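**Q** Pasting in a structure now, in structure tokens, and then I'll have a few things to ask.
The values are calculated or read from the model by the stated rules, or taken from the named source; none is laboratory data. Only a predicted model underlies this, so the values are computations on that prediction, with no experimental measurement involved. Neighbour counts run over all protein chains shown; Cβ positions are idealised from the backbone, glycine included. Protein only, heavy atoms only, side chains kept; ligands, DNA and RNA dropped before computing areas. Shrake-Rupley method; radii C 1.70, N 1.55, O 1.52, S 1.80 Å.
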Amino acid sequence: MVKHSAGNSNMMLGKWVMAGMLLACSTGAWAEASDKLWPVVKEAFFANRTIEEVPFIQLTGPRRAESGAQVPVTLTVNQSQSPAAIKNVYIIVDANPIQLAATYHLTELLGNLQLSTRIRMETDSFVRAIGETADGKLYMSTIQIRAAGGCGGSVDGDEAAIRAASGKIKLNVESPVKFGQATPATFIIKHPMYTGLQRDLVSQGFRPAFYIQKAAFTYNDQPVMSVDFGVGTSEDPYLRFDFTPAAPGTLEVQAEDNEGAKFSQQLDVKNAS
């Protein structure tokens, strides 16, 4: 039995790129979310493993998204209700060409996870949050979202200028901070998150995949959360999440794109009410 650990999510992404593209080509004619896709996706990602639908993991989003390129979703993990701590959460979009949108690696500093982000969706689909414990048990929450055109289509703009502007980070912690309690933090990084399936309006060729692939958050040098992003994450990746600072300190994020460029930002957290 193969179990996927926190250290191999990027390998997971690469492994199923071709399978995902083949799956999308074979099912692209379906206009509505179909549960027929899930057995194929599950076999690719979690072969022969049991996944249980549970209430302590909740994924929410719009019934119909205004834009398939920017679909807001919110993930909640109530660790106090789970039988064992959830260490990893995989966000999977059944009908996307590449189904794994992101993987979140959690720590105790997050407490009961409250996280909002934005994903891409190519067509109507089931979207799943699959939580994994340290011993490999899997739990799931599933929703349906109607959306279109978020992974392919055309892109324009000066690519050199877009690349030059990439990597600028905004990091914020909501005030006033109450140390020892859940505190909202917001992260935004400027980046086009090219999927590799988008055509340049001028050349009509495909722009190569270019995306933030990892972001790691620490507080006073202690891990808070790390994220393995895929091209199913929206342009200008956005995260809003709660963490629990015990005392004044420094929140830091280090990010890296798929071409090896690295970006970082720090924020001093001082004020207490």
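**Q** Apply the Karplus parameterisation 6.51 cos²θ - 1.76 cosθ + 1.60, with θ equal to phi minus 60°, to every residue of the stretch 93-98 and state each ³J(HN,Hα) to the nearest whole Hz, in sequence, with x for glycine and proline.
**A** 10, 3, 9, 6, x, 10
**Q** Could you sort SER67, SER264, SER234 by their accessible area in this structure, using a 1.4 Å probe and putting the largest first?
**A** SER264, SER67, SER234
**Q** Could you look at the stretch 70-217 and say what percent of its accessible area is carbon and sulfur, using a 1.4 Å probe and all protein chains?
**A** Details: 2920 of 5620 Å².
Exposed carbon and sulfur together represent 52 percent of the surface.
**Q** Something else: Give me the 1.4 Å probe accessible area per residue for the chain, excluding ligands and nucleic acids, in Å².
**A** Counting only protein heavy atoms, the per-residue value for the chain is 46 Å².
**Q** Past 31 Å, Cα to Cα: identify those pairs from LYS36/LYS168; LYS42/LYS178; LYS36/LYS190; LYS178/LYS214, in the order given.
**A** LYS36/LYS168; LYS42/LYS178; LYS36/LYS190, as the Cα separations exceed 31 Å there.
**Q** Between the stretch 218-273 and the stretch 169-186, how many Å separate their Cα centres?
**A** Centre-to-centre distance over Cα atoms comes out at 11 Å.
**Q** By DSSP, what percent of the beta bridges with both residues in the chain are antiparallel, rounded to the nearest 5?
**A** Working: 74 of 81 bridges.
Within the chain, antiparallel bridges account for around 90 percent of the total.
**Q** Just subtract the alpha-carbon distance of ARG64 and SER34 from 0.36 nm times their residue separation and send over the number in nm, one decimal. Write down the numbers at each step before the final one.
**A** Numbers: separation 30, 0.36 × 30 = 10.80 nm, distance 1.53 nm.
The ARG64-SER34 span can extend by a further 9.3 nm.
**Q** Within the stretch 33-70, which GluC sites (Glu not before Pro) sit in a loop by DSSP and count at most 10 neighbouring Cβ atoms inside 10 Å? Spell out each step's value before the answer.
**A** On the way: sites: GLU43, GLU52, GLU53, GLU66; in loops: GLU66.
Those that pass, being in a loop and sparsely packed, are GLU66.
**Q** Within the stretch 41-134, which trypsin sites (Lys or Arg not before Pro) sit in a loop by DSSP and count at most 13 neighbouring Cβ atoms inside 10 Å?
**A** In loop regions of the stretch 41-134 (DSSP not H, G, I, E or B), the sparsely surrounded trypsin sites (Lys or Arg not before Pro) are ARG63.
**Q** Fully extended, how many nm does the chain gain between ARG163 and PHE206 (0.36 nm per residue separation, minus their Cα-Cα distance)?
**A** Here the segment from ARG163 to PHE206 would lengthen by 13.9 nm.
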